[in-house]
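Written below as structure tokens is the structure these notes are about.
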Amino acid sequence: MKNVLVVGGAGYIGSHACKALFKAGYNPVVFDNLVYGHEDAVKWGPFERGDLADAGRLDEVFVAYRPECVMHFAAYAYVGESVTDPAKYYVNNIVGSISLLEAMRRNGTDKIIFSSTCATYGEVDDLPITEETPQNPVNPYGFSKLAIEHALRDYGRAYGLKWAAMRYFNAAGLDADGDLGERHDPETHAIPLAIFAALRNGEFSVFGTDYNTPDGTAIRDYIHVSDLAQAHVLAIEYLNLGGESGAFNLATGRGTSVKELLTAVEMAVGLPVPVKFAPRRAGDPPALYASADKAERLLGWAPCCRDINLIVKSAADWFKQHHN
Ligand SMILES: NC(=O)c1ccc[n+]([C@@H]2O[C@H](COP(=O)([O-])OP(=O)(O)OC[C@H]3O[C@@H](n4cnc5c(N)ncnc54)[C@H](O)[C@@H]3O)[C@@H](O)[C@H]2O)c1
């Protein structure tokens, strides 16, 4: 089995990628400091605890496993916090990622699949978003990811690094077998928050009801986490076959409004979602959805699950089981 180093593999998307890697015949070696991850989510290969900033620890793991490829999920990803504490994001997401790229260079691993984000685009004029849409992030989190996309391009030109930057839209849903959960703390993603609100008789805040969208609420593109995971496996194969390095949108191409999402949650949970209407948040665009044609054309990838009701149900089933 070929080793793939999965940095941040104890987290939500990384743990799903480990399962997909294992099923495709790879040995996923998880490297994670557990700042947000969960050791019990490491189920398909060895676990090596360590921090991106620790060059010595990275070298030990590279020497021990000689990974043919790195998947890099480790980052802080709270947009609001990145505005109030940008240093935290510059240090972990930028300096930490450069530390990883340097460890790869020292140890002769020349392929990386990087978790980028739709937040690198910022507020866009034209929809659907393509990889050519200008990238103008509006917060330090998005900027930190864009900075690493630029570093990948530069390392590719100068040192021969082969890379794929996967620009995820809204990751959602859970493993179909119930093997893996979503346990962000704090949780900021709409689907788990709406499910919690329904199950615990809490309150879900809808920010903005006066957008220029059919029902007035904001529209986002929700992509199933297992589809994201599969795209990463295909990206390794693409780079192995000599595919050109570059960025790929990972999205369904379909927008779902907040109101539509809440209807899907109510159907999946079987309970109403208590709602509080609030004004728009600064920097929240009315609609974001993307074309993933490039990933389909070059990676042979297409999302298996485009139905928002099924995506939400996969999450609701897990939460109902694990959150009483
Ligand atoms: N969840 C989404 O909707 C979404 C959307 C776009 C992009 N992304 C990106 O995808 C990646 C994974 O997101 P997620 O939702 O699985 O997050 P997550 O917090 O569940 O996983 C991130 C993992 O990285 C680890 N980590 C963080 N800093 C580290 C460090 N310095 N050293 C070692 N490990 C470290 C954490 O412990 C955690 O296990 C992130 O890079 C995020 O920016 C996520």
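The separation of segment 81-137 from segment 27-53, counted between C-alpha centres, amounts to 20 Å. Each Lys or Arg adds one and each Asp or Glu takes one away; over the other residues whose Cβ falls under 13 Å from the Cβ of residue 179, this sums to -2. I need the shape label for segment 106-197. Rule: rounded when a/c is under 1.5, else prolate if a/b > b/c, else oblate, with a, b, c from the alpha carbon gyration tensor. It comes out oblate by the Cα gyration axes. Look at the Cα gyration tensor of segment 53-149: its axes a ≥ b ≥ c give a/c of at least 1.5 with a/b at or below b/c, and that counts as oblate.
Annotation for segment 195-263: chymotrypsin sites (Phe, Trp or Tyr not before Pro) lying in DSSP loop with at most 12 further Cβ atoms inside 10 Å of their Cβ do not exist.
Suppose accessible area is computed on protein heavy atoms with a 1.4 Å probe; arrange 23, 88, 259 from highest to lowest.
Values: 23 155, 88 60, 259 85 Å².
Putting 23, 88, 259 in descending order of accessible area: 23, 259, 88.
Summing Lys and Arg as +1 and Asp and Glu as -1 over all other residues whose Cβ lies under 15 Å from the Cβ of residue 319 gives a net charge of -3. At the residue level, residue 250 shows approximately 0 square angstrom of accessible surface with a 1.4 angstrom probe and all protein chains present. Over the chain, DSSP H runs of length four or greater, each weighted -39,500 (n - 2.57), average out per residue to a 222 nm ellipticity of -11500 deg cm²/dmol. Taking the C-alpha atoms only, the angle from helix 96-107 to the longest principal axis of the chain is near 30 degrees. Of 171, 322, 10, which is farthest towards the positive pole of the chain's charge dipole, taken about the Cα centre with +1 and -1 on the beta-carbons of Lys, Arg and Asp, Glu respectively? It is 10. Taking the Cα centre of segment 73-223 as reference, the dipole from Cβ charges on Lys and Arg (+1) and Asp and Glu (-1) amounts to some 740 debye.
So if I place +1 on the C-beta of Lys and Arg and -1 on the C-beta of Asp and Glu, and nothing else carries charge, what would the dipole magnitude of segment 1-86 be about its Cα centre? I want it in debye, nearest 20.
Details: 7 positive and 11 negative charges, 103 e Å.
Dipole about the Cα centre, nearest 20: 500 debye.
Under the rule a/c < 1.5 gives rounded, and otherwise a/b versus b/c splits prolate from oblate, where does segment 1-116 land using the Cα gyration tensor?
Working: a/c = 1.94, a/b = 1.33, b/c = 1.46.
Taking the square roots of the gyration eigenvalues as a ≥ b ≥ c, segment 1-116 is oblate.
FRET efficiency for the residue 53 to residue 276 pair, using the beta carbon distance and R₀ = 56 Å, is estimated at 0.90.
Tell me, what is a quarter of the convex hull surface for the C-alpha atoms of the chain, in nm² with one decimal?
Working: hull surface 60.6 nm².
Reported value for the Cα convex hull: 15.2 nm².
Just reorder 124, 35 by solvent-accessible area, largest first, 1.4 Å probe, all chains present.
Correct descending sequence by accessible area is 35, 124.
Per atom type, the chain shows carbon and sulfur on 51% of its accessible surface, probed at 1.4 Å.
The values are calculated or read from the model by the stated rules, or taken from the named source; none is laboratory data. Because the structure is a prediction, the values reported are computed rather than measured. Every residue, glycine as well, gets a Cβ built from its backbone with ideal geometry; the counts of neighbours run over all protein chains shown. We work out accessible area using only protein heavy atoms, side chains counted, and drop any ligands, DNA or RNA first. Shrake-Rupley method; radii C 1.70, N 1.55, O 1.52, S 1.80 Å.
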